Structures are given as C-alpha cells and as structure tokens.
Amino acid sequence: MANVKDTASHLGETLWDVIVVGGGNAALCAAITAAEAGARVLILEGAPKAYRGGNSRHTRNFRCMHRGPLSVLTGSYEEDEYFHDLMLVTKGKTDEGLARFAIRSSEECLPWMEAHGVRFQPSLSGTLSLSRTNAFFLGGGKALVNAYYNTATDLGVTIVYEAQVKHVHLEGDRFTHVEVSVAGAPQQSIRGRSVVLSSGGFQSDIEWLTRAWGPAAANFLIRGTPYNRGVVLRDMLDQDCESVGDPTQCHAVAIDGRAPKFDGGIVTRLDCVPFSIVVNRDGDRFYNEGEDVWPKRYAIWGRLVAAQPGQEGFSIIDSKSIDLFMPSVFPPVKADTVEELGVKLGLDGAKLKQTVETFNAACRPGEFRPMELDGVATEGLTPAKTNWARPIDKPPYYGYQLRPGVTFTYLGLKVSQDARVHTLRGPLANVWAAGEIMAGSILGQGYLAGFGMTIGTVFGRIAGREAASRVS
Ligand SMILES: Cc1cc2nc3c(=O)[nH]c(=O)nc-3n(C[C@H](O)[C@H](O)[C@H](O)COP(=O)(O)OP(=O)(O)OC[C@H]3O[C@@H](n4cnc5c(N)ncnc54)[C@H](O)[C@@H]3O)c2cc1C
C-alpha cells in the first residue's frame with residue numbers, strides 16, 4: 001500500500017471538483033453528498049489515520065426534530081419545542097432563521113445517516129434521559145466516523161491523512177487552490193473548483209485561547225482532538241471573511257483534573273457535582289451545586305471552574321452519595337476524615353473541614369430524592385445549595401479535582417443558509433463551510449446537547465451539494 005507521502009505527491013496533478021478540508025462529521029457528510037452528485041472529491045484530513053474524525057469521533061448522539069416516533073426516537077419533538085430549548089441555552093443569542101432551518105432539516109438527516117452506514121441505539125437509561133430528543137449512535141462517534149469513511153471510499157472519494165491545510169487561496173471572490181503539507185513534507189498546491197471548509201474550531205491552539213481568555217487558558221484541558229487549531233479559520237479571517245461569535249465563547253464542562261491535556265473524550269466528565277459541595281483551592285464554596293438537574297447544569301461548570309484561582313475546583317462527597325452518579329474513569333481520592341481528604345487533594349485540611357461543617361450546619365431535614373429536584377436546601381448559607389443538600393458526614397469521604405474541559409470554540413465563519421462563506425465584500429463564489437467552523441452562526445452562547453452533530457450534518461450535506469452543483 002502506498003504511504004501518505006507517495007499518494008500526496010500526485011495530488012497536485014489533478015483539478016479536483018470539490019476539496020474538503022477536515023475529516024470529521026461535517027467533512028464526511030459534505031464529501032459523501034458531493035461524490036453522490038458525481039463530483040471528484042478529495043478529503044484533506046490533518047490527523048493521522050488512527051486519529052481521524054476530529055471531535056466527531058468522541059460524540060454519542062445527535063438532536064433531531066421528528067413529528068412522531070422515528071428510528072430509535074420516541075414520541076415527537078417538534079420545531080417549536082426544539083427552538084425553545086435552543087433559545088433557553090443561548091439566551092436568545094442565535095440567528096433564528098438559520099437555527100429553525102437547521103432544526104427542520106435535522107428530521108431528514110436521521111434516515112440519510114442510516115442509509116449511509118450509521119446505526120442507532122436506544123438511549124441508555126440513567127444517562128441524560130434523552131430518548132425523545134437525541135438519537136444515540138451504536139458504537140459512538142467512532143463507529144459513525146468509520147461508517148462514513150467506508151461509504152466515502154466506496155463512492156471513490158480520495159482521502160489523504162496527515163494533510164495539514166495551511167492556506168486557502170482566493171483570487172477576488174473565487175477559491176483557486178489550497179496550500180497543504182502532507183506528513184510534514186514541504187507545502188504543495190492542490191487546485192480545486194470548489195472547497196468545503198470543515199476543519200473545526202480553534203480550541204487546541206492554546207496561544208489563541210490565551211489571547212482570548214488570558215493566562216487562565218494554560219490550565220484548560222481540551223476534551224477533543226489536538227488537531228483543531230483554527231489554522232484555516234485564522235487564514236480565512238485574515239482574508240476578510242466575515243466572522244461570527246466571540247472568541248471567549250465556547251462549550252466547556254467540568255472534567256476530572258487528571259484528564260489528559262487533549263482527547264480525553266466523554267469518559268473524563270464527572271457527574272458528582274449535584275451530590276457534593278464544590279470548593280476552590282482556598283477551600284471556599286463558590287456556586288449552588290444543586291441549582292438544577294445535572295443535564296441542565298453540567299455545561300456551566302466549565303466556566304465556573306475557569307473563574308476560580310488556578311482554574312481548579314474540588315468536588316467533595318461522602319459515602320452516602322458515591323454510588324449516585326455514573327462511576328468515574330479514575331477512582332476518587334479517598335480518606336477517613338474530611339481534613340485528611342483536604343490534605344490529600346492539596347488543600348488546607350482544616351479550612352476544608354470548617355467549610356464542610358458550616359455547610360452541614362445549614363442543611364435542613366427533607367426527603368432526599370436524587371433523580372428529581374427535591375427542594376432539600378440549605379438555610380442561611382451563601383451560596384445556597386437549593387436541592388440535594390445533605391450533610392457530608394458519612395466516612396469514608398471522597399474528592400475529585402475539577403478542571404475546565406473545553407469542547408469547542410464558537411468564533412467562526414459567518415455563513416448563509418446555503419452554507420456559503422462571505423467576505424466583508426460579499427459572498428465567495430465557490431467556498432462553503434460546515435460544522436464547528438461555522439457553528440457560531442447559530443450558537444452565540446450556551447449549548448444544547450447533540451446540536452453540534454446536527455449543525456455538522458445539516459450544513460455538511462448542504463455544503464457538499466452546493467459545492468458539487470457549481471462544478472462545470
Ligand atoms: C468529548 C466530546 C463529546 C461530544 N459529544 C457530542 C455529542 O454527543 N453530540 C454532539 O452533537 N456533539 C458532541 N460534541 C461536539 C461535536 O464533536 C462537534 O460539534 C462536531 O463533531 C463537529 O464536527 P466537525 O466536523 O465540525 O469537527 P471535527 O469532527 O472536530 O472535525 C474537524 C476536522 O478538521 C481537521 N482539521 C483541523 N485543522 C485542519 C487543517 N488545517 N487541515 C486539515 N484538516 C484539519 C481535524 O483533524 C478534524 O478531522 C462533543 C465533543 C467532544 C469533544
């Protein structure tokens with residue numbers, strides 16, 4: 001079998017109909033759609049083959065509108081309810097036209113996905129209870145990505161790994177070629193009649209994150225691929241493409257502080273917060289851990305922890321609660337006393353003991369119901385804990401260090417409904433964008449579980465269709 005460098009040495013000889021930059025969900029949906037329309041398609045995936053598929057390979061589900069039971073989805077989930085859910089999390093920071101369009105289009109995506117190799121499974125009970133709204137991929141995002149790569153290969157799409165696109169060349173309002181380095185070889189030009197940009201956000205460029213967030217960004221962990229460094233996004237912004245979104249807006253959750261810097265994926269998420277108290281490195285609580293059920297609150301804890309000294313938090317629980325949440329991938333730190341636990345976590349043990357005692361004294365009797373808002377709250381404590389507030393008093397005690405885990409950034413390229421990229425002078429003739437790189441066009445802030453894959457699938461398919469249709 002030819003190695004990537006050998007394959008790459010001939011790429012420049014061809015004028016490709018559609019060049020797709022990136023190798024995740026949005027890229028694959030675009031490539032498959034364009035190939036089915038008869039286009040000669042080239043995928044340039046920056047990652048090596050073993051790591052292909054970007055953040056998409058970490059996913060579990062996608063959120064789908066449906067007017068009745070559809071595949072594994074139960075009941076119905078109609079446009080207005082879906083849009084309402086989006087408005088709640090974005091606090092209105094969305095483009096209503098684009099958002100409703102994405103929502104409506106999601107309905108036809110599910111059968112399309114099934115027809116192109118994706119298999120679904122009913123959602124697991126006890127996880128995020130999303131059986132009506134979110135369709136879960138059998139085998140997770142990795143299986144989805146593998147299925148799409150197989151489909152693309154069967155359709156004759158050429159795929160090159162370790163192909164880092166450095167520059168997208170524009171002449172006036174037209175794309176002419178990309179500059180790409182394959183497996184570290186010198187840059188070469190590859191010409192195309194059209195290009196689809198689906199190379200993700202910029203969260204893995206820590207310097208860029210630092211410019212947006214300040215030095216705190218050095219302590220962030222990146223939940224997904226290290227290959228989404230925003231190289232193409234930066235290049236397009238430097239060429240006067242219209243941007244959307246704020247560089248500090250991103251999806252971030254609180255994850256286990258022992259997670260790797262990149263690619264820890266979903267298993268490093270911790271679901272213990274509602275049954276714990278969370279303190280910062282000074283041993284002080286800083287937010288209501290029981291504000292709402294975890295699926296509605298997990299996404300705010302990344303930012304909350306990011307605002308604490310050293311960007312760390314510590315979730316403290318006792319043995320009454322240790323089995324109430326999904327087990328963690330790394331075992332918790334364990335001790336017989338709260339003070340000892342504090343010391344093991346690198347905190348001032350006496351201070352932690354005092355914080356726990358103050359919290360315990362503020363707890364009031366009530367019927368503890370872990371699966372619903374039980375109103376078992378503290379009294380006279382700031383910040384209050386408004387649900388599941390039980391004293392932390394049954395040894396052994398357990399603790400987890402929390403860090404902000406960035407999922408993806410929102411600053412991106414502004415697109416119109418046909419996924420076309422615009423410059424400040426007007427639309428580009430043959431450049432489209434799909435997925436995280438344009439998600440900020442819809443997600444101004446906040447996040448709705450499963451919507452990332454919806455955006456990528458909807459706009460990936462449109463970008464592929466449009467790009468193929470311009471081939472003359
Ligand atoms: C842990 C985790 C869990 C998630 N779970 C879900 C979920 O269950 N449901 C959901 O909807 N969303 C989820 N998301 C978000 C979701 O992953 C994204 O919204 C979605 O995958 C974006 O798809 P994409 O194709 O735009 O980007 P990606 O899948 O990240 O693909 C980007 C691709 O671009 C390539 N690339 C980057 N730069 C270059 C370059 N210069 N040249 C060539 N190639 C380049 C990368 O290698 C990668 O292949 C999750 C994210 C993470 C990190």
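When you scan region 87-94, do you find a residue that is hydrophobic (A, V, I, L, M, F, W, C) and away from the ligand (no atom under 15 Å from the Cβ), even just one? Please lay out each step first, then the result.
The first filter runs over region 87-94 and keeps only residues hydrophobic (A, V, I, L, M, F, W, C), leaving 87-89.
Next cut, away from the ligand (no atom under 15 Å from the Cβ) only: 87-88.
For region 87-94, residues hydrophobic (A, V, I, L, M, F, W, C) and away from the ligand (no atom under 15 Å from the Cβ): present.
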I'd like the full set of residues that are more than 23 Å from SER441 (Cβ to Cβ) and either more than 7 Å from the ligand (Cβ to nearest atom) or outside the structural domain of GLY23 (by TED's automatic domain parsing) (or both), limited to region 58-77.
HIS66, ARG67, GLY68, PRO69, LEU70, SER71, VAL72, LEU73, THR74, GLY75, SER76
Are any residues in region 338-369 assigned to a loop (DSSP other than H, G, I, E, B) and surrounded by 15 or more Cβ atoms within 10 Å (Cβ to Cβ), and if so, which ones?
LEU345, LEU347, ASP348, PHE368
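Specify the residue that is nearest to the ligand (Cβ to nearest atom); the eligible residues are those in region 134-157 that are farther than 21 Å from LEU73 by Cβ and under 19 Å from the mean Cα position of the chain (by Cα). Explain how you work it out, then say what you get.
Going residue by residue through region 134-157, those that are farther than 21 Å from LEU73 by Cβ are 142, 145-146, 149-157.
If we keep only those that are under 19 Å from the mean Cα position of the chain (by Cα) too, we end up with 142, 145-146.
Working: LYS142: 11, VAL145: 8, ASN146: 13 Å.
Looking at residues that are farther than 21 Å from LEU73 by Cβ and under 19 Å from the mean Cα position of the chain (by Cα), I get VAL145.
Quick one: would you say ARG223 is surrounded by 16 or more Cβ atoms within 10 Å (Cβ to Cβ), among the basic types (Lys, Arg), free of Cβ contacts under 8 Å to residues at least 60 places away in the same chain and within 9 Å of the ligand (Cβ to nearest atom)?
Working: surrounded by 16 or more Cβ atoms within 10 Å (Cβ to Cβ): yes; among the basic types (Lys, Arg): yes; free of Cβ contacts under 8 Å to residues at least 60 places away in the same chain: no; within 9 Å of the ligand (Cβ to nearest atom): yes.
The answer is no for ARG223.
Do we have PHE202 as within 14 Å of the ligand (Cβ to nearest atom) and surrounded by fewer than 20 Cβ atoms within 10 Å (Cβ to Cβ) here?
So PHE202 fails the test.
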In this structure, is VAL232 within 26 Å of ARG461 (Cα to Cα), within 19 Å of the chain's Cα centre (by Cα) and part of a helix (DSSP H, G or I)?
yes
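Select, from GLY257, GLY310, the only residue that is on the phi < 0 side of the Ramachandran plot and outside the structural domain of ARG174 (by TED's automatic domain parsing). Even if it seems obvious, please write down each step before you answer.
Working: GLY310 fails: on the phi < 0 side of the Ramachandran plot.
Going through GLY257, GLY310 in turn, just one is on the phi < 0 side of the Ramachandran plot and outside the structural domain of ARG174 (by TED's automatic domain parsing): GLY257.
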State the number of residues belonging to region 211-229 that are more than 18 Å from the chain's Cα centre (by Cα), in a helix (DSSP H, G or I) and more than 17 Å from GLY412 (Cα to Cα).
4
Output yes when any residue across region 414-422 is in contact (Cβ under 8 Å) with a residue 40 or more places away in the chain, surrounded by fewer than 24 Cβ atoms within 10 Å (Cβ to Cβ) and in a helix (DSSP H, G or I), and no when none is.
no
Identify the single condition in (1) closer than 21 Å to TYR227 by Cβ; (2) without any contact (Cβ under 8 Å) to a residue 24 or more places away in the chain; (3) not aliphatic (A, V, I, L, M) that GLU436 does not satisfy, given that it satisfies every other one.
(2)
What's the total number of residues in region 415-445 that are more than 13 Å from the ligand (Cβ to nearest atom), in contact with a Lys or Arg (Cβ under 9 Å, 6 or more places away or on another chain) and at pLDDT below 95?
2
Please identify the pairs in which a residue from region 393-406 that is touching a residue at least 40 places away in the same chain (Cβ under 8 Å) and basic (Lys, Arg) has its Cβ atom under 7 Å from the Cβ atom of a residue that is more than 16 Å from the ligand (Cβ to nearest atom) and in a strand (DSSP E or B), counting only partners at least 6 apart or on another chain.
LYS394/ASP318
Can we say LYS320 is at pLDDT 95 or above, assigned to a loop (DSSP other than H, G, I, E, B) and over 17 Å from LEU270 (Cβ atoms)?
yes
Just checking, does region 27-39 include any residue being without any contact (Cβ under 8 Å) to a residue 12 or more places away in the chain and more than 19 Å from ALA434 (Cα to Cα)?
no
Selection count where residues are among the small types (Gly, Ala, Ser), within 34 Å of the chain's Cα centre (by Cα) and under 16 Å from ASP393 (Cβ atoms), scope region 316-373:
3
SER131 being in a loop (DSSP other than H, G, I, E, B) and within 21 Å of the chain's Cα centre (by Cα):
yes
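The values are calculated or read from the model by the stated rules, or taken from the named source; none is laboratory data. Being a predicted model, the structure only gives us computed values, none of them experimental. Ideal geometry is used to build each Cβ from the backbone, glycine not excepted, and the neighbour counts take in all protein chains shown.
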